[in-house]
Structure formats: structure tokens, C-alpha cells
1. Restricting attention to segment 49-90, and to residues there that are among the β-branched types (Val, Ile, Thr), surrounded by fewer than 24 Cβ atoms within 10 Å (Cβ to Cβ) and within 18 Å of the chain's Cα centre (by Cα), which single residue is farthest from PRO222 (Cα to Cα)?
2. Applying the selection to segment 116-172, what residues are among the aromatic types (Phe, Trp, Tyr) and farther than 26 Å from HIS30 by Cα?
3. For segment 269-284, enumerate the residues that are surrounded by 15 or more Cβ atoms within 10 Å (Cβ to Cβ) and part of a loop (DSSP other than H, G, I, E, B).
4. Can you tell me which residue among GLU45, GLU68 is in contact with a strand residue (DSSP E or B) (Cβ under 9 Å, 6 or more places away or on another chain), modelled with pLDDT of 95 or more and not small (Gly, Ala, Ser)?
5. Return a yes/no flag: does segment 199-217 have any residue that is within 20 Å of ALA125 (Cα to Cα) and out of contact with any Cys (no Cβ under 9 Å at 6 or more places or on another chain).
6. How about segment 91-124: which of its residues are among the hydrophobic types (A, V, I, L, M, F, W, C) and under 30 Å from ALA217 (Cβ atoms)?
7. Name the single residue that is nearest to the chain's Cα centre (by Cα) among those in segment 178-233 being under 25 Å from ALA250 (Cβ atoms) and of a type in the set (Phe, Trp, Tyr).
Amino acid sequence: MGDDTANSSRSNSSGKVHTINSFGMGRLHHKNAIVTGAAGGIGLETCILFAKEGANVLMADISAPALEKASAKLKQLVPSAHKVEIQVCDVSKEADIKALVEHLDSWGGVDIMFNNAGIMHADDADALDTPEKIWDLTQAINVKGVWFGCKHAIIALRKHNKTKGSIINTASVVALVGSATPQLAYTASKGAVLALTRELAIVHAKEGFRFNALCPAPLNTPLLQDWLGDDLPKRHRREIHFPTGRFGEAIEQAQAVLFLASDEASFVNGQDFVVDGGLTKAYVTPE
Ligand code: NAD
């Protein structure tokens, strides 16, 4: 109804289509956003969309060369981007996250925090074979890193007297359904992301701070594709579960993150936001 008059799609100077609201601004106009794991599949696509929609973006990742490459790609694709900066950060180290969030103090403070960095280690296995050091590493990045991101976003939102903020934490569909091919440390870590996100959403709702968890299904990104490698049976065991017959694309996750980050999602809080092509609703048998 009102959508047609409130929003329209136009081409920007680079010929790419993005959404313009009735005030001629992007959906994230003047918002300050941090994205962790920004050099990876979901992270970079999200940074590109955020920049197209008018946000100032701080791209964070553990890999400096990957960050350089990712930000160059963003600037090439979105020449009209406002502010785009990069910062190397290990999300499992609180000092790194604190410095990352405080970097935005001079921008007016963080409005959107996308705690997206995560690992699925090649040595992750079942209850018997997962090495303890792999368990600890996975929880340090996937869980503690998300906690630190949430913690410092809350501190900054309060410091800057913000009455709204959006924090999005990347979980996974394996937090909702068991994975028959074991990756126990990863699965447990993503379950923890869902649980902590839900609780923070309730605790901070009256402050206007929203917390939602993104639950992607397996995607065409390096994280999964490198892990599957040339192992066709391993790949087939996953593809067969998709009603669509295909893995998801990172851009399809980024579109959901954009919605959760924007004021259009102002009443969406505490959700396990599933973007999976119907995978978790399907009863699929081999053809
Ligand atoms: P990706 O490997 O392409 O990107 C992950 C990024 O995180 C990389 O750029 C990596 O350098 C960075 N990173 C790793 N450790 C870090 C650390 N300690 N501090 C900061 N950055 C670090 O993977 P992706 O698919 O874009 O994954 C993004 C998120 O989505 C992850 O949390 C992942 O668990 C989740 N996810 C991915 C899939 C999938 O199939 N790809 C499915 C469900 C959930």
C-alpha cells in the first residue's frame, strides 16, 4: 500500500539499483555501521548494501590483506559511498572490539553492529573426535566474539544517548536443526549465539536496542566451499536438503541483514531470522 509512495527504486551513478525513500535518502542514511568478518562472503555483501543505502561503514576482519581487497571492491562498486574505513580486529580479543567500536565515537557512535565473523574449523567433528583446542577456538570466536560485540555496542549506544540501535548476530540453521554430519563445536557455538541474542533483545528492549540473530543455510562462500572442497559425497549430503536444489548466496543473507538493520524492522526484535530457502521446513527424500 503505502510502500509504493514511500519508496521507489532508482539507478545510482554506477547504474546499480538501490532503494530511495520519500526523502531521497537510502534506507540507512546517516547510520554508522560496523561489520565484522567484513572481508568474507556475507560480510562484504552486507557492507556493499549498507554503503549503497547511505550508511557509513567500518569494515572489520582479522585479515588485513583481505580487508584491503574487500574495501577496494566496495569502493569500486559503490563510488557514491559515504564513509568507508577498515580496521583489523580479532573478535575474540575484547581490546580489539573495544577499539573497533570506539573508532566510531568520532562519527557520532555506532547505530548498527553486525557481529558476523565466525569460523567452522576443518578439524571440527563429533563428540569423540573434536579436539579440545578446536572447541575452545570455535567458542572464542563464534560466541565470545559476539558477546564482546554486543557488549561494546551497548556501551557505545548508551554513551551517545541513542534511543535506537540494531545489533545483528550471525548464527546458523544448525542452531535450529541438528546436522547429521558432525561439526559439534560449530553447532554448539551457533546455539549459544541464538540464546544470547534472544536474552539481550529482552533485556534491552525498553532502551530501543534491537537484537536479532541471522540463521543462514549453507552458502556459496569460502567458509563452506573451502571446507567441502572436492569431496562430492560430502557436498551432495548437503545439497539434497535444499527444496530449491541449490545453496544460498551471500547477497540473499545481506538483504535480510539490511532489513534487520533498518528502521523498517523497528518492531522486529529477538528473532531467529531464518534465510534458508525453506530448508528447515522441508522433508526431502533423495530422487
Ligand atoms: P567467510 O569465511 O567468507 O567469512 C568469514 C570472515 O570472518 C573471514 O573474512 C575471516 O577472515 C573472518 N574472521 C575469521 N576469524 C575472525 C576473527 N577472529 N576476528 C575477525 N574476523 C574473523 O564466511 P561467511 O560465510 O561469510 O561467514 C559469515 C558468518 O556466517 C559466520 O559467522 C558463519 O559461521 C556464518 N554462516 C555461514 C554459512 C555458510 O554456509 N557460509 C552458513 C551459516 C552461517
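The values are calculated or read from the model by the stated rules, or taken from the named source; none is laboratory data. These numbers come from a predicted model, not from an experiment. So basically every Cβ, Gly included, is an ideal-geometry build from the backbone, and we count neighbours across all protein chains shown.
1. Among those residues, the one meeting the criterion is VAL84.
2. Within segment 116-172, just TRP135 meets the criteria.
3. If the condition is that a residue be surrounded by 15 or more Cβ atoms within 10 Å (Cβ to Cβ) and part of a loop (DSSP other than H, G, I, E, B), then ASN269, GLY270, GLN271, ASP276, GLY277 are the ones that fit.
4. Testing whether each residue is in contact with a strand residue (DSSP E or B) (Cβ under 9 Å, 6 or more places away or on another chain), modelled with pLDDT of 95 or more and not small (Gly, Ala, Ser) leaves just GLU68.
5. yes
6. VAL91, ILE97, LEU100, VAL101, VAL110, ILE112, MET113, PHE114, ALA117, ILE119, MET120, ALA122
7. PHE211
Listed here are the residues, each with its yes/no results for (1) in a strand (DSSP E or B); (2) within 16 Å of the ligand (Cβ to nearest atom); (3) more than 14 Å from ALA256 (Cβ to Cβ).
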site	(1), (2), (3)
GLY26	no, no, yes
HIS29	no, no, yes
ALA38	no, yes, yes
ILE42	no, yes, no
THR46	no, yes, no
PHE50	no, yes, no
MET59	yes, yes, yes
ALA66	no, yes, yes
LYS69	no, yes, yes
